[in-house]
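Next up is a structure, given as structure tokens.
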Amino acid sequence: MYRSKSSAGTLVLLPDMDFSPPNFTKRKGESEVWTPAAEQFAGAFTAAVVALDKALRSSSEVTPEPPWAATKKYALAPEAELRVQLLDAERHVEEAQRKKEELVESISVATMPRSLLYEKGKPLEAAIIHALTIFGFKAEPYKESDSEFDVVFESAEGRLIGEAEGKDCKAINIDKLRQLSMNIHEDLQREEISTPAKAVLFGNGFRLQEPAARPDPFTDKCYSAASTSSTALVSTADLFLAVQYLLANSDPVYASACRAALLSTVGRVVFPVPPTPPAQVDAKMAGEEVPNC
């Protein structure tokens, strides 16, 4: 038993108990019912808990301080200084809690790109938009009147429209390609648009498996239809690797190469292999063993 020093509360730890021995239940027709032994045990256990509670309350009951006892008339010398210290401690706790909440939010933003590996729906769309801004695109979802696109993104090199799809344990099929094709035509009907945007399908097939163990994230039909419609197919797991490098290295040349891959590819996009980080280059030149990451 652990007794509180400032209240009547007591934490009571009991040994592990078997509440379902074989003699506690029996079959009655198609149902399972309690036996007399189970009912007797339940009554005894409940009575024991009530008796224990009564005993603990009687031995450690603390009377709440009445309001009159807390007035200045009955103040004690050490109390005032201790209350000042308590207020200061509470202020520090509030500051620490606020700092903690800010850090939790910052971590949530910093780890958003990892959603590219396992998310679907709106969280996946948000992670894709974030990744595209890291590449140097201006990217945002589009919704106006009856038109709604997952993401419209552009840079000096060109303008693209993307749709995103995540599948738990299947490859991405042609359903989203049909939606993407409709989006391209709807977008072109707008007066301010003079040329069709490049179509990009972002797929997170087999999203619940570790990326290295996943089959191809797109179906054969999806590849065939993408070739016909000049659509780029992007595995969000591949997108993550490129973003991971750019978050660790300021590399405008590599970001430009990633934008070019999205704009020029028909079918599965293969992002350029990230350059070897300078730290690893230095380690190799010094003859040190480089960790396999």
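The values are calculated or read from the model by the stated rules, or taken from the named source; none is laboratory data. Please read all numbers here as calculations on a predicted model, not as lab measurements. Reconstructed Cβ throughout: ideal geometry from the backbone, glycine too, with neighbour counts over all protein chains shown.
Output the qualifying pairs, or none if there are none: Cβ atoms under 7 angstrom, residues six or more apart or on different chains, first residue in segment 152-181 and within 18 Å of residue 126 (Cα to Cα) and not assigned by TED's automatic domain parsing to the domain that holds residue 214, second residue part of a strand (DSSP E or B) and at pLDDT below 95.
Within 7 Å, no pair qualifies.
I'm told residue 238 meets every condition in (1) farther than 21 Å from residue 112 by Cβ; (2) modelled with pLDDT of 95 or more except one. Can you identify the failing condition by its number?
(1)
Answer yes or no as to whether residue 131 is surrounded by 11 or more Cβ atoms within 10 Å (Cβ to Cβ) and small (Gly, Ala, Ser). Can you show your working first?
On the way: surrounded by 11 or more Cβ atoms within 10 Å (Cβ to Cβ): yes; small (Gly, Ala, Ser): yes.
Against the criterion (surrounded by 11 or more Cβ atoms within 10 Å (Cβ to Cβ) and small (Gly, Ala, Ser)), residue 131 qualifies.
Also, quick follow-up: Select, from 125, 154, 102, the only residue that is out of contact with any helix residue (DSSP H, G or I) (no Cβ under 8 Å at 6 or more places or on another chain), exposed (fewer than 12 other Cβ atoms within 10 Å of the Cβ) and among the acidic types (Asp, Glu). Lay out the reasoning, then the answer.
Numbers: 125 fails: exposed (fewer than 12 other Cβ atoms within 10 Å of the Cβ); 154 fails: exposed (fewer than 12 other Cβ atoms within 10 Å of the Cβ).
Sole residue among the options that is out of contact with any helix residue (DSSP H, G or I) (no Cβ under 8 Å at 6 or more places or on another chain), exposed (fewer than 12 other Cβ atoms within 10 Å of the Cβ) and among the acidic types (Asp, Glu): 102.
Could you check segment 7-54 and list, in sequence order, the residues that are among the hydroxyl-bearing types (Ser, Thr, Tyr) and in contact (Cβ under 8 Å) with a residue 12 or more places away in the chain?
Taking segment 7-54 as the starting set, the residues that turn out to be among the hydroxyl-bearing types (Ser, Thr, Tyr) are 7, 10, 20, 25, 31, 35, 46.
Of everything in segment 7-54, those that are among the hydroxyl-bearing types (Ser, Thr, Tyr) and in contact (Cβ under 8 Å) with a residue 12 or more places away in the chain turn out to be 7, 10, 25, 35.
I need every pair where a residue in segment 130-141 that is in the same structural domain as residue 159 (by TED's automatic domain parsing) has its Cβ under 6 Å from the Cβ of a residue that is aromatic (Phe, Trp, Tyr), sequence separation at least 6 or different chains.
The qualifying pairs are 132/153; 137/153; 139/153.
Condition check: surrounded by 10 or more Cβ atoms within 10 Å (Cβ to Cβ) and polar (S, T, N, Q). Does residue 31 satisfy that? Quick ask: steps written out before the conclusion?
Numbers: surrounded by 10 or more Cβ atoms within 10 Å (Cβ to Cβ): no; polar (S, T, N, Q): yes.
Against the criterion (surrounded by 10 or more Cβ atoms within 10 Å (Cβ to Cβ) and polar (S, T, N, Q)), residue 31 does not qualify.
Looking only at segment 233-260, how many residues end up being farther than 23 Å from residue 209 by Cα, in contact (Cβ under 8 Å) with a residue 24 or more places away in the chain, crowded, with 16+ Cβ neighbours inside 10 Å and over 24 Å from the mean Cα position of the chain (by Cα)? Outline the logic, then answer.
Narrowing segment 233-260 to residues farther than 23 Å from residue 209 by Cα: 246-260.
Then keep just the ones that are in contact (Cβ under 8 Å) with a residue 24 or more places away in the chain; that gives 246-249, 251-252, 255-256, 258-260.
Adding the requirement that they be crowded, with 16+ Cβ neighbours inside 10 Å leaves 246, 255-256, 258-259.
Checking which are over 24 Å from the mean Cα position of the chain (by Cα) leaves us with 255-256, 258-259.
Going through segment 233-260 one residue at a time, the tally reaches 4.
Take the conditions within 20 Å of residue 130 (Cβ to Cβ), over 26 Å from the mean Cα position of the chain (by Cα), assigned to a helix (DSSP H, G or I) and touching a residue at least 24 places away in the same chain (Cβ under 8 Å) and apply them to residue 227. Does it pass? Reasoning before the result, please.
Working: within 20 Å of residue 130 (Cβ to Cβ): no; over 26 Å from the mean Cα position of the chain (by Cα): yes; assigned to a helix (DSSP H, G or I): yes; touching a residue at least 24 places away in the same chain (Cβ under 8 Å): yes.
It is false that residue 227 is within 20 Å of residue 130 (Cβ to Cβ), over 26 Å from the mean Cα position of the chain (by Cα), assigned to a helix (DSSP H, G or I) and touching a residue at least 24 places away in the same chain (Cβ under 8 Å).
Out of 10, 46, report the one residue that is in contact with a strand residue (DSSP E or B) (Cβ under 6 Å, 6 or more places away or on another chain) and either of a type in the set (Val, Ile, Thr) or modelled with pLDDT under 85 (or both). Break it down into steps so the answer makes sense when it comes.
Numbers: 46 fails: in contact with a strand residue (DSSP E or B) (Cβ under 6 Å, 6 or more places away or on another chain).
That would be 10, the only listed residue that is in contact with a strand residue (DSSP E or B) (Cβ under 6 Å, 6 or more places away or on another chain) and either of a type in the set (Val, Ile, Thr) or modelled with pLDDT under 85 (or both).
Of all residues in segment 187-204, which are over 14 Å from residue 267 (Cα atoms) and either surrounded by fewer than 13 Cβ atoms within 10 Å (Cβ to Cβ) or free of Cβ contacts under 8 Å to residues at least 40 places away in the same chain (or both)? Lay out the reasoning, then the answer.
The initial filter retains those residues of segment 187-204 that are over 14 Å from residue 267 (Cα atoms), namely 187-197, 204.
188, 189, 190, 191, 192, 193, 194, 195, 196 - these are the residues of segment 187-204 that are over 14 Å from residue 267 (Cα atoms) and either surrounded by fewer than 13 Cβ atoms within 10 Å (Cβ to Cβ) or free of Cβ contacts under 8 Å to residues at least 40 places away in the same chain (or both).
Residue 222 versus (1) closer than 19 Å to residue 155 by Cα; (2) surrounded by 14 or more Cβ atoms within 10 Å (Cβ to Cβ): which is the lone unmet condition?
Only one criterion in (1) closer than 19 Å to residue 155 by Cα; (2) surrounded by 14 or more Cβ atoms within 10 Å (Cβ to Cβ) is unmet by residue 222, namely (1).
If you don't mind, there's one more thing I want to ask. Give the residue, chosen from 51, 38, 47, that is surrounded by 11 or more Cβ atoms within 10 Å (Cβ to Cβ) and not basic (Lys, Arg).
Numbers: 51 fails: surrounded by 11 or more Cβ atoms within 10 Å (Cβ to Cβ); 47 fails: surrounded by 11 or more Cβ atoms within 10 Å (Cβ to Cβ).
Of 51, 38, 47, the one residue that is surrounded by 11 or more Cβ atoms within 10 Å (Cβ to Cβ) and not basic (Lys, Arg) is 38.
Could you check how many residues of segment 268-293 are under 20 Å from residue 116 (Cβ atoms) and at pLDDT 50 or above?
Narrowing segment 268-293 to residues under 20 Å from residue 116 (Cβ atoms): 268-274, 293.
Next, from what is left, pick out any that are at pLDDT 50 or above: 268-274.
So the count comes out to 7.
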